[in-house]
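The values are calculated or read from the model by the stated rules, or taken from the named source; none is laboratory data. Fair warning: this is a prediction, and the values are worked out from it, not measured in the lab. All Cβ positions, glycine included, derive from the backbone under ideal geometry; neighbour counts span all protein chains shown. To get the accessible areas, we keep the full protein, side chains included, count just its heavy atoms, and leave off ligands, DNA and RNA. Shrake-Rupley method; radii C 1.70, N 1.55, O 1.52, S 1.80 Å.
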Amino acid sequence: MSSQLVPQKAVAKPRLTLAFKQLWSIHWIMASGYLLLWVGGFGMVRLPEDTALQDNAYTLHKSVGALTMALLTWRIFILQRVWWRKYTRRLPKFTGEWIRTFLLHTAIYLFMLAVPLSGFLLSNSYQSGNVPFFWIATLPDIFPEKAAIVELARDLHFWIAYTFLGFVALHMVDQKKYVRSLWRRVGKALKKTSLN
């Protein structure tokens, strides 16, 4: 009997739930926020001291950092919903690939929490009431003011942020197929808009 006559079973694609779509949307919002934090953080420390431009850059940086913490909390709740739906039906296959992906994402989530917390430590140690939220309000202190640890907090914030950037680069390498397709789509969209 020829294999051409045997009907092939269609491979079912996983259904995209509302929670998964929300998780994907918040992924890109947070990725944009962290890109702004890295670029802004790199630039703001090079601005002239005690100027309005530097003060506004620090306010924006601290505000986006606080916002990422709030978004991270929301993201974790959505992730729990996605996992609940996915893994209550069947447990994952604990392959080397799955474990590697799980560990990489766990590290990324820990850094998403550690970077803004180290920023709070730096700001609060330097001065009490030093974390503004978009020129609207001042966030309550998480850590006490303590001048003795300002330099340690500064070093921690720097190294945690750039180690996190390294893990994000690993994540992009891990997702290289998706990243390439994304760049192709962006390139096509830019060409299309430049022709119009």
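Tell me, what is a quarter of the convex hull surface for the C-alpha atoms of segment 101-154, in nm² with one decimal?
So the mean shadow area of the Cα hull is 4.5 nm².
Roughly how compact is the chain, stated as its Cα Rg over 2.2 N^0.38 Å to two decimals?
Dividing the Cα radius of gyration by 2.2 N^0.38 Å gives 1.33.
Multiply the residue separation of Leu165 and Thr193 by 0.36 nm, subtract the distance between their alpha-carbon atoms, and state the gained length in nm to one decimal.
7.0 nm
If you roll a 1.4 Å probe over the heavy atoms of the protein chains, what accessible area per residue do you get for the chain, in Å²?
73
Under the definition of Cα pairs under 8 Å and six or more residues apart, what whole-number percent is the relative contact order of the chain?
Computed over the chain, the figure is 18 percent.
I'd like to compare 33-39, 51-57: which one has the highest average count of other Cβ atoms within 10 Å, and what's the full order after that? Show your work: numbers first, answer last.
On the way: 33-39: 16.1, 51-57: 12.4.
Top to bottom by mean Cβ count within 10 Å: 33-39, 51-57.
In terms of Cα to Cα distance under 29 Å, which lysines are near enough to Lys21, apart from those fewer than 8 places away along the same chain?
Partners within reach: Lys9, Lys13, Lys62, Lys86, Lys93, Lys176, Lys177, Lys188, Lys191, Lys192.
State which stretch of the chain is the longest one without any exposed trypsin sites (Lys or Arg not before Pro), exposure meaning a DSSP loop state and at most 10 other Cβ atoms within 10 Å.
Numbers: sites that count: Lys9, Arg15, Arg46, Arg90, Lys93.
The answer is 94-196.
Can you return the aspartates and glutamates within cross-link range of Lys146? Criterion is Cα-Cα under 17 Å, with same-chain partners fewer than 8 residues away left out.
Excluding near neighbours in sequence, the set is Asp155.
Heavy atoms only, probe 1.4 Å: what % of the accessible area of segment 26-168 goes to carbon and sulfur, would you let me know?
71
Against the longest alpha carbon principal axis of the chain, how many degrees, from 0 to 90 and to the nearest 10, is the axis of helix 96-126 turned?
For 96-126 against the chain, the angle is about 20 degrees.
Taking Cα atoms, how many degrees apart are the long axis of helix 18-44 and the longest axis of the chain, rounded to 10 and kept between 0 and 90?
Long axis of 18-44 versus the principal axis of the chain: about 40 degrees.
Among the chymotrypsin sites (Phe, Trp or Tyr not before Pro) in segment 47-129, which ones are in a DSSP loop with at most 15 other Cβ atoms within 10 Å of the Cβ? Mind listing them?
Hits after loop and neighbour filter: Phe94.
Taking H as built 1.01 Å from N, whose amide H comes closer than 5 Å to the amide H of Asn130, not counting residues under 5 places away?
Answer set, sorted by chain and number: none.
Can you compute the FRET efficiency between Arg100 and Ala52 using 1/(1 + (r/R0)^6), with r the Cβ-Cβ distance and R0 = 30 Å? Round to the nearest 0.05. Mind dumping the intermediate values first?
Numbers: r = 47 Å, r/R0 = 1.57.
Efficiency computed from Cβ-Cβ geometry: 0.05.
So if I take the centroid of the Cα atoms in segment 169-196 and the same for segment 28-56, what is the distance between those two points in Å?
Between the Cα centres of segment 169-196 and segment 28-56 lies a distance of 25 Å.
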